[in-house]
Each structure stands twice: as structure tokens, then as C-alpha cells.
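Novice: Let me give you the structure first, and then I'll get to my questions.
Values in this text are rule-based calculations from the coordinates and carry no lab data. Note that the structure is predicted; figures quoted are calculated from it, not measured. Every residue, glycine as well, gets a Cβ built from its backbone with ideal geometry; the counts of neighbours run over all protein chains shown.
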Amino acid sequence: MPLEYPDIVRFILYALFVMALVSGVALQSGVAQQPARTAAPMFSGIITALSDASLTVVRTEPKDTKTFVITPDTKFEGPKPQVNARVTIRYIAADEGDRAVRVIVRAPTKPTNTKK
């Protein structure tokens with residue numbers, strides 16, 4: 001006895017529902033197994049001390065000072081860092097101190113002439 005049209009539609013909808021349910025469970029179990037990626041913290045401010053091995057930055061709001069370890073893996077972007085330059089640092093907290101991963105040096109702002 002052949003299936004009627006409404007029976008075929010019902011069977012197809014039921015099969016699609018079951019496949020969606022099974023694939024949803026599979027996706028959730030795959031997502032649960034992946035470790036959560038967190039972005040490295042960032043710190044922005046003005047360079048107050050600079051050496052080949054470290055970089056000290058102070059920010060005003062909230063008032064805070066941090067010293068970062070510079071390694072050969074540290075990536076620099078922008079002009080050459082120097083004291084009083086504005087920087088944003090992405091870093092990783094490590095046993096030997098906060099290790100700079102990426103240092104973005106901001107170009108100095110041009111002073112505006114307000115005298116007339």
C-alpha cells in the first residue's frame with residue numbers, strides 16, 4: 001500500500017526534525033570540548049622608562065603604573081618607542097612579570113598653535 005501525500009510530508013518533516021536535533025547535540029558537544037580563548041589584557045599610557053629588557057608605562061585614569069618585560073617575541077608597531085610616547089600594550093601575566101606581547105606606539109600629536 002503506497003503512502004499518501006500527507007503521510008510522506010509528515011515523514012519528511014519528522015526526519016528533518018530528528019536530524020536537526022541530533023546535529024544540534026553534536027555541535028554543542030563539540031563546542032564544549034574547545035577551550036575558551038580569552039584575549040590578553042591591554043594597558044595604555046605614557047612610557048616613563050625604557051630599556052632593552054623592560055618598558056614602564058603610567059596611565060592617569062585610573063592611576064596605575066606597570067612595568068613590562070620585553071622579549072625577542074615582543075612585536076612593535078608604529079614609530080620607535082621613546083620616553084613620553086603614548087603606547088598600548090597587549091601583555092600576558094607571567095611568573096617573571098607582565099610580558100609584553102605587542103606594543104603599539106602612537107604617533108606624537110602635533111601641538112596646535114592657539115596663539116593669535
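Novice: Please arrange Ile8, Ile89 by how many other C-beta atoms lie within 10 Å of their C-beta, fewest to most.
Specialist: Ile8, Ile89
Novice: Rounded to the nearest 0.05, what FRET efficiency do Leu16 and Ala39 have when you use their Cβ-Cβ distance and R0 = 35 Å?
Specialist: For Leu16 and Ala39, the calculated efficiency is 0.35.
Novice: Compute the length gained on full extension between Lys63 and Lys80: take 0.36 nm times their separation in residues and subtract their Cα-Cα distance, giving the result in nm to one decimal.
Specialist: 3.6 nm
Novice: Quote to one decimal, in nm, the extra length available between Asp95 and Asp7 on full extension: 0.36 nm per residue of separation minus the C-alpha distance between them.
Specialist: 25.0 nm
Novice: What shape does the range 63-106 have by the C-alpha gyration tensor, where a ≥ b ≥ c are the square roots of the eigenvalues, rounded means a/c under 1.5, and otherwise prolate means a/b greater than b/c and oblate the rest?
Specialist: Cα axes put the range 63-106 in the oblate bin.
Novice: In addition: Do any trypsin sites (Lys or Arg not before Pro) in the range 40-113 lie in a loop, going by DSSP, with at most 14 other beta-carbon atoms within 10 Å of their beta carbon, and if so which? Write down the numbers at each step before the final one.
Specialist: Values: sites: Arg59, Lys63, Lys66, Lys75, Arg86, Arg90, Arg99, Arg102, Arg106; in loops: Lys63, Arg106.
Hits after loop and neighbour filter: Lys63, Arg106.
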